[in-house]
Amino acid sequence: MTLEPARKATPVELSAAVLGALVFLAGLALFAYAGSYARYWSDDYCYGYFVRENSLLPGLWSWYIHLGNRFSTLVPVAVSELFGPRSVSFVPAFILALWLGAWVFFLARLCGALGWQGSRRWLVLLGCVLVYFNVLLAPDRLQSVYWRMGAFHYSLPLALLLLNLGWLAARRQRGPAAGVALGSGLLAFFAGGLSETFAAFQAGLLGLVLAGAWVSFSVIGRAGPAHDRKVETLPPPGGREAMARALGPAGGAFTGALLALAALALAPSNAMRQAVMPPPDNLFDVLTYSLRYALDFTTLSLRAQPLPNLVFAGLAALIAFLAGGELAGRVPLRTALAGAAVALGSGFVLVVCCMAPSAYGALLYPPDRALMTARFAFLLGLGGAAVFAGLAARRAVPQPRWSALRTLAALLLLAGCIYPLRALPAQRAEISVLSLKAARWDGRDAQIRAQAGAGVRAVQVQETDVVQGLEDLGPDPAGWVNGCAARYYQVDSITANPQ
């Protein structure tokens, strides 16, 4: 089958792409607005005072040795602190914008590496869909998107990974490979240091990328032209030198990911955590529980959220169907169907990787904020399968029926892009709750600062509900949040008295 000639977008397709992107951008803007009511919560106080009291590099080492194994986290915290205490209100918007930009960057570079030069409007729409559903279906949106430390641990590294993958795709045919491998490895190492859950996910994903690239060169690149000389396969065979040039940078990223995992596992500060949550006796239990937790998470995701998963998959498939163009002509039908199955299987494997760190910690199920990474892996597999299904459907459509089906697909896509309107009532309710609790926090913050400014060393405030699901100031001044807050406000103690 020859490559499909490029077709000009119809008005219906153009409307679906542009209006759909605008609707999803508006939905993301509402999430960012809800995040503007974020305040210093829980660990924010601890990281805030530590960054202020320590220079960055010595502080990183001291933190890694004595307090926590997540060796990269102080860097984004230090950058945030440069903009003052209210910077936490802008972190969610920054994370969402970075995440969206990273998706579009990665998709554009991936399509370029595959030789597809389609319209960028489809990539923007697909990026908006991916980010929106990741945030909408977050197991705990407050703790993984709105809360600064949760966002830095679980959402920020996902954007960094996409940027890394996009860079690798862009440099696949260029050099020098050694410099790319080193830079990509350093970025993977830094991102892996933000959390154990992400580090395991990143290592698993990059391992799958390496395995897929090796198969592409070793099997597809050799067998493709002989099997069907009318189908152009990617990447073409190029010998060991071409394989090393392509796999070297990905190997550098994978090495960086493994080194990050090792640094997290070998941190001296782990002794404190393992004294409370000792690891299991053998690694077989870790694997068994990881598989069980991954199956539970996947099953619950499908049963509890059938409509949003169906809409998400449908939108991804329709975008691929309409935008596939010449790319669909390069992917044989069997390959597309096999790709859908591989995407689903890979997604499940990555969910298992996300479960492994918590399973290693006393065989525990991950907290909801850590499941943000698992949600990303789940939607990555589901979305990848949907894209392959859309390409397969495009290739299977007979030419005489293409025009009518093309219009129908655009109309279905336009209808699916209305889905964010369904979430508006829940978003408004979320904003209302967050704004009320932010007002309470602001009042308490003003009281603490007023007392500290007047020279009061033992600050007394009323206990109030300022955040849901996270520990906060309580009546015990020796509590860890009270202690961190006292050091942050530079007083001796803070007591939140019950009303």
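The values are calculated or read from the model by the stated rules, or taken from the named source; none is laboratory data. This structure is a prediction, so every number in the text was calculated from the model and none was measured. Glycine also receives a Cβ, built like all others from the backbone with ideal geometry; neighbour counts cover every protein chain displayed.
Numerical summary
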quantity	calculated
Any hit, region 298-320, residues being outside any helix (DSSP H, G or I), more than 21 Å from the chain's Cα centre (by Cα) and small (Gly, Ala, Ser)	no
Condition check for Ala426: part of a helix (DSSP H, G or I), among the hydrophobic types (A, V, I, L, M, F, W, C) and more than 25 Å from Asn497 (Cβ to Cβ)	yes
Residue match in region 67-90 (condition: without any contact (Cβ under 8 Å) to a residue 60 or more places away in the chain and buried (at least 21 other Cβ atoms within 10 Å of the Cβ))	yes
Filter result (of a type in the set (S, T, N, Q) and modelled with pLDDT of 90 or more) within region 146-183	Ser155, Asn164
Verdict on Val481 being in a loop (DSSP other than H, G, I, E, B), at pLDDT 95 or above and either under 32 Å from the mean Cα position of the chain (by Cα) or over 23 Å from Ala38 (Cα atoms) (or both)	no
Filter result for Leu405 (of a type in the set (A, V, I, L, M, F, W, C), closer than 24 Å to Leu208 by Cβ and assigned to a helix (DSSP H, G or I))	no
Criterion (within 20 Å of the chain's Cα centre (by Cα), surrounded by fewer than 22 Cβ atoms within 10 Å (Cβ to Cβ) and of a type in the set (Gly, Ala, Ser)) met by exactly one of Ala102, Ala113	Ala102
Every pair of residues 6+ apart whose Cβ atoms lie under 9 Å, when the first sits in region 363-382 and is more than 18 Å from Met149 (Cβ to Cβ) while the second is surrounded by fewer than 24 Cβ atoms within 10 Å (Cβ to Cβ) and among the charged types (D, E, K, R)	Leu363/Asp285; Tyr365/Asp296
Cβ pairs under 7 Å, 6+ apart, first in region 263-277 and within 8 Å of Asn69 (Cβ to Cβ), second surrounded by 12 or more Cβ atoms within 10 Å (Cβ to Cβ) and among the hydrophobic types (A, V, I, L, M, F, W, C)	Ala263/Phe71; Leu264/Ala199; Ser269/Ile65; Ser269/Leu67
